[in-house]
Amino acid sequence: VDTTGLGTVGLFFFCYSTTAVVLRITLSWAPDRFGFTRVLYPVIFVQASGLFFLASAKSLTPFVIGAMLTGAGHAFLFPVLARLAVDRSPAEDRGSATGLYTSMFDIAILVGGPLLGLTIERSGYGAMYGAVGVAMILATGGFALLERTGRTKAGQPVPAP
């Protein structure tokens with residue numbers, strides 16, 4: 001916001017959080033109804049699309065769309081990934097799985113902060129948002145590959161969705 005002069009931080013978080021809250025309230029049933037893995041892929045696409053909008057924003061409209069898309073992704077990513085982490089862990093390890101899952105956010109800040117800051121310094125905010133979007137897509141491809149080979153559930157084959 002400060003660097004590009006687009007919008008305000010308040011506008012970004014208003015669009016982001018309003019979208020996330022509205023979707024959680026109105027569509028919280030979707031992962032239960034359609035399946036957590038089936039919802040995961042479109043939600044990651046939405047989140048990455050929001051990052052790409054932010055990466056290329058030169059006017060207020062893509063800025064707002066990017067904020068809304070990243071908010072939409074946030075609405076579902078945390079609960080869907082949390083559910084998958086718990087469901088795919090043996091019952092005796094679910095506490096550890098939940099602890100590891102939530103610690104990933106702290107680890108991401110510890111490792112990602114300096115790496116993304118370096119990307120910003122060297123190439124700018126657009127490159128940073130684009131890099132995070134690409135990383136999300138690559139990680140999703142890795143997950144899909146593991147999902148296809150049945151290696152994502154505590155060493156047991158994963159049933160087809």
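The values are calculated or read from the model by the stated rules, or taken from the named source; none is laboratory data. Fair warning: this is a prediction, and the values are worked out from it, not measured in the lab. Cβ sites come from the backbone with ideal geometry, for glycine too, and all protein chains shown count toward neighbours. All accessible areas refer to the heavy atoms of the entire protein, side chains included, with ligands and DNA or RNA removed. Shrake-Rupley method; radii C 1.70, N 1.55, O 1.52, S 1.80 Å.
Return a yes/no flag: does the range 36-56 have any residue that is surrounded by fewer than 19 Cβ atoms within 10 Å (Cβ to Cβ) and assigned to a loop (DSSP other than H, G, I, E, B). Scanning the range 36-56 turns up no residue that is surrounded by fewer than 19 Cβ atoms within 10 Å (Cβ to Cβ) and assigned to a loop (DSSP other than H, G, I, E, B).
Over 26 Å from Tyr125 (Cα atoms), modelled with pLDDT of 95 or more and not polar (S, T, N, Q): does that describe Leu23? Yes. Examine the range 90-108 for a residue that is over 24 Å from Phe12 (Cβ atoms) and part of a loop (DSSP other than H, G, I, E, B), and state whether such a residue exists. For the range 90-108, residues over 24 Å from Phe12 (Cβ atoms) and part of a loop (DSSP other than H, G, I, E, B): present. Checking each residue in the range 18-46 for being closer than 18 Å to Glu147 by Cβ and of a type in the set (S, T, N, Q) picks out only Thr37. Taking first residues from the range 81-107 that are over 25 Å from Pro42 (Cα atoms) and partners that are open to solvent by 40 Å² or more (accessible area, probe 1.4 Å), the Cβ contacts under 8 Å between residues at least 6 apart in sequence or on separate chains come to Pro90/Ala154; Asp93/Ala154; Arg94/Val86. When the residues of the range 1-12 are filtered to those that are in contact (Cβ under 8 Å) with a residue 12 or more places away in the chain and in a helix (DSSP H, G or I), the one that is surrounded by the most Cβ atoms within 10 Å (Cβ to Cβ) is Phe12.
In the range 62-90, the qualifying residues are those that are modelled with pLDDT of 95 or more and open to solvent by 50 Å² or more (accessible area, probe 1.4 Å), and the one that is nearest to the chain's Cα centre (by Cα) is Met68.
Restricted to the range 23-35, and to residues there that are assigned to a helix (DSSP H, G or I) and free of Cβ contacts under 8 Å to residues at least 40 places away in the same chain, the residue that is least open to solvent (accessible area, probe 1.4 Å) is Thr26. Annotation for the range 32-47: at least one member residue is on the phi > 0 side of the Ramachandran plot and either polar (S, T, N, Q) or at pLDDT 90 or above (or both). Residues in the range 1-22 that are closer than 21 Å to Tyr129 by Cβ and hydrophobic (A, V, I, L, M, F, W, C): Val1, Leu6, Val9, Leu11, Phe12, Phe13, Phe14, Cys15, Ala20.
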